[in-house]
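Following: one structure in structure tokens, then a few remarks.
The values are calculated or read from the model by the stated rules, or taken from the named source; none is laboratory data. Quantities reported herein were computed from a predicted structural model and do not represent experimental measurements. Positions of Cβ are backbone-derived with ideal geometry, glycine not excepted, and every protein chain shown enters the neighbour counts. Just so you know, the surface numbers come from the protein's heavy atoms only, side chains and all, with ligands and any DNA or RNA stripped out. Shrake-Rupley method; radii C 1.70, N 1.55, O 1.52, S 1.80 Å.
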Amino acid sequence: MLICGLLSVFTAQAKTYMVGVALANLDLNFVSILRSQMEKQLKDKGLNSQFADAKGDVSLQIQQVDDFINQGADAIIINPVDTQGVMPVIAAAQKANIPLIFVNRKPEVKLTGKMAYVGSDSALSGKMEIEALAKRMDNKGNIAVLMGALSTEEARQRTKAVEDYVKDHPGLKVIQKQSANWQRNEAVDKTLSWLQDGNDINAIIANNDEMAIGAIMALDQLKKSNVLVAGIDGTPDGLQFIKNGKMAVTIFQDAKGQATGAVDVAYDMLSGKKTEAYNWVPYQTVTKENYQEFTSKNQK
């Protein structure tokens with residue numbers, strides 16, 4: 001009876017943690033891969049979870065985080081819509097005294113206490129992308145840049161890295177630069193507009209694969225095959241365009257590594273273990289010569 005009593009007390013005290021996961025926009029291919037991997041990792045760690053899709057709306061995401069807290073979430077993982085607009089969610093998590101883990105998009109504030117970032121260095125991906133593309137161009141020619149949503153540090157940092165490289169290489173010139181908000185369809189429209197306006201473009205460098213694919217679709221419509229295109233992420237769709245020679249280069253961003261890392265950090269924080277504020281996941285350059293090494297890595 002004593003043993004049974006002790007077991008019942010222990011069982012009553014044991015707790016299954018619930019983690020709320022706030023995602024920026026599940027319409028984005030990369031974000032959907034993040035979700036799939038986080039679902040698997042949360043289950044493997046024995047954590048309950050709830051997911052929310054902000055659909056690119058920062059106000060909605062703030063409300064979703066508040067809802068998680070009101071529902072008793074023990075930790076929150078967030079892929080922020082706006083990396084400059086994170087103070088409301090930080091304040092809410094601190095007030096509730098629960099861990100807050102940012103994934104994939106680095107918040108533009110210093111992280112302390114029960115906060116962490118799991119992801120990659122945006123500026124480095126832009127640097128790697130332009131270096132690989134410029135090598136193909138022999139550091140000569142006109143470049144157009146398709147930027148992601150300007151509310152995110154990754155779009156601004158990747159673009160800045162491209163521009164910094166071009167400044168140091170006078171044979172290169174950025175002649176067009178516009179945001180297509182990470183979206184394939186918007187990139188089609190922007191690229192068609194540039195080319196139909198008579199811009200002499202030798203290469204298009206996109207902040208992600210989806211926009212790079214949009215650029216390729218526009219080039220195909222106009223039957224232009226002499227423009228190099230580069231992307232970032234190494235998504236399954238992006239790798240198909242590397243395989244068929246339509247995309248010159250992409251920079252592999254490890255969605256599974258970021259997702260797994262975010263869940264692991266959340267679990268460690270809930271377990272009382274010491275964690276790092278910044279947890280970096282490396283990039284890799286992908287071309288037609290080595291794309292097969294990456295075909296299984298960012299699958300959902």
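Of the strands (runs of 3 or more DSSP E) that lie entirely inside segment 182-300, those containing 2 or more residues that are under 22 Å from Val81 (Cβ atoms) and open to solvent by 30 Å² or more (accessible area, probe 1.4 Å) span 278-280.
When Ala155, Ala134, Ala215 are checked against the criterion of being free of Cβ contacts under 8 Å to residues at least 60 places away in the same chain and more than 19 Å from the chain's Cα centre (by Cα), Ala134 stands alone in meeting it. Looking across segment 102-151 at every residue that is under 20 Å from Val174 (Cβ atoms) and in a loop (DSSP other than H, G, I, E, B), the one that is least open to solvent (accessible area, probe 1.4 Å) is identified as Gly148. Residues considered: Ala93, Ala54. Of these, the only one that is buried (at least 23 other Cβ atoms within 10 Å of the Cβ), more than 20 Å from Val265 (Cα to Cα), of a type outside the set (D, E, K, R) and modelled with pLDDT of 95 or more is Ala54. Of all residues in segment 156-181, exactly one satisfies the criterion of being in a helix (DSSP H, G or I), open to solvent by 50 Å² or more (accessible area, probe 1.4 Å) and among the polar types (S, T, N, Q), namely Gln157. A search for C-beta distances below 6 Å between a residue of segment 244-259 that is farther than 16 Å from Gln37 by Cα and in contact (Cβ under 8 Å) with a residue 12 or more places away in the chain and any residue that is assigned to a helix (DSSP H, G or I) and of a type in the set (Lys, Arg), counting only pairs 6+ apart in sequence or on different chains, returns Ala248/Arg136.
Taken over segment 43-67, residues that are among the basic types (Lys, Arg) and not in a helix (DSSP H, G or I) amount to 2.
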